[in-house]
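A short worksheet on the structure shown next.
FYI, it's all coordinate maths here, none of it is from the lab. Owing to the predicted nature of the structure, the values given are computational and were not obtained by experimental measurement. Please note: Cβ atoms are built from the backbone with ideal geometry, for glycine as well, and neighbour counts cover all protein chains shown.
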Amino acid sequence: MADDAPPDMRSLYRFYPALKNCKKPVRSNTPSIPDLEKVLDLGYTIAGSKEAYFKRPFINHHYCPVISPLTYDVESTASVVYLAKLGLPVYGTIVPNAGMTSPMSLLGTLTMGNAEFLSLAFLMQAIKPGSGVIYAVLSTVGDMRNGDYAPGAIETGILQMGHSEMARFYKVPSGGYIGLTNSQSNDVQNGYETSLNTVAALLAGSDLFNMGGLLGGLMAFDFAKAVIDNEIALNLKHLKKGIVYEPNDFCLELINKTGPGGNYMVLPHTAKNLRKVTHYPTIGVRGFRSKWINDGKPTAEVQAAELAKKILTKPNPNALAADIDKKVREHIPGLPEGQAYWYE
């Protein structure tokens with residue numbers, strides 16, 4: 001959050017760097033309609049016109065309009081209504097917390113969360129029939145020992161599996177905040193919480209993973225964590241592909257020709273397929289322990305931080321052209337020049 005920005009400019013200060021530096025769609029969750037209109041105006045300026053933007057709206061909007069149990073937040077719901085009327089992409093996340101805002105029951109929490117999703121989906125269809133819908137959730141179980149919020153717990157993955165199964169029943173895409181961690185650093189807890197829950201969600205058919213760079217139960221962002229999560233996501237993509245059935249991939253003739261005791265390393269078949277079959281990690285350690293010691297015993301976090309710094313301190317080929325950026329900055333008076341995007 002851009003808490004250091006002027007109060008009436010926080011949304012612009014927050015989304016300008018993303019819109020400037022990324023060609024992929026950017027997600028906004030601007031809380032008030034006046035601020036939302038400012039963000040949309042940035043989109044119109046970047047696209048060249050309002051008409052051009054509506055042909056390809058590259059900002060998608062996200063809110064938590066349903067406040068468990070079974071109520072609506074006025075401001076967020078007003079923004080959902082506003083965007084749905086315009087036909088712009090908007091979706092909501094359902095966030096029951098078992099033992100606190102939903103029953104201390106996995107099935108009971110799934111039931112209530114599903115009802116809340118249906119309520120929001122009905123509202124959007126009533127506003128504009130045919131509105132796009134994502135069954136997005138962050139259903140959790142409270143840590144009743146002390147009241148801590150626990151989105152990194154394995155129950156988050158279990159509940160995501162249930163919601164994704166329901167989404168498949170309704171024939172809509174699913175996902176949400178899955179792959180979070182309660183860890184405050186890039187440690188073992190961070191690794192197993194993110195990995196276990198995302199694998200569970202993937203195997204249940206989830207489509208959307210809001211996981212990149214978040215630590216401390218959504219309360220902190222870390223550049224190295226974003227690189228690590230990208231590595232996890234690439235592994236998930238490879239996992240989803242699975243074993244593809246192709247008759248030639250049985251390799252029966254190749255196995256017969258190579259024979260017992262043969263060597264596949266030198267074959268053209270290996271060279272042809274080595275990048276297709278295997279995912280090669282950008283970070284992480286492989287190889288002999290002696291080499292790792294000689295290299296200074298690098299950890300995944302150290303390598304991730306180094307890669308993040310390398311990316312963020314070099315020119316970005318995807319950044320807005322200077323003339324468009326100048327027009328955009330005219331909408332954001334007082335924005336300092338030369339903002340840094342890397343912090344030690």
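Among all positions in the stretch 168-175, there is at least one residue which is over 18 Å from the mean Cα position of the chain (by Cα) and over 29 Å from Tyr82 (Cβ atoms). Within the option set Ala224, Ala204, Ala200, being in contact with a Ser or Thr (Cβ under 6 Å, 6 or more places away or on another chain) and not hydroxyl-bearing (Ser, Thr, Tyr) holds for one residue only, Ala204. For the condition part of a loop (DSSP other than H, G, I, E, B) and surrounded by 10 or more Cβ atoms within 10 Å (Cβ to Cβ), Lys240 does not qualify.
Against the definition (farther than 27 Å from Lys50 by Cβ, surrounded by 17 or more Cβ atoms within 10 Å (Cβ to Cβ) and either basic (Lys, Arg) or out of contact with any Leu (no Cβ under 6 Å at 6 or more places or on another chain) (or both)), how does Ala153 come out, yes or no?
When the stated conditions are applied, Ala153 passes them.
Applying the criterion of being more than 23 Å from the chain's Cα centre (by Cα) and buried (at least 18 other Cβ atoms within 10 Å of the Cβ) to the residues of the stretch 110-123, the residue that is nearest to Ile94 (Cα to Cα) is Met112.
Residues to consider are Thr93, Thr30; find the one that is in contact with a Cys (Cβ under 6 Å, 6 or more places away or on another chain) and within 27 Å of Asp207 (Cβ to Cβ).
Of the residues listed, the single one that is in contact with a Cys (Cβ under 6 Å, 6 or more places away or on another chain) and within 27 Å of Asp207 (Cβ to Cβ) is Thr93.
Do the conditions hold for Asn114, that is, is it in a loop (DSSP other than H, G, I, E, B) and either closer than 30 Å to Asn230 by Cβ or of a type outside the set (Gly, Ala, Ser) (or both)? The answer is no for Asn114. Cβ-Cβ contacts under 8 Å between residues 6 or more apart (or on different chains), taken from a first residue in the stretch 15-34 that is of a type in the set (D, E, K, R) to a second residue that is assigned to a helix (DSSP H, G or I), are listed as Lys20/Asp325; Lys20/Val328.
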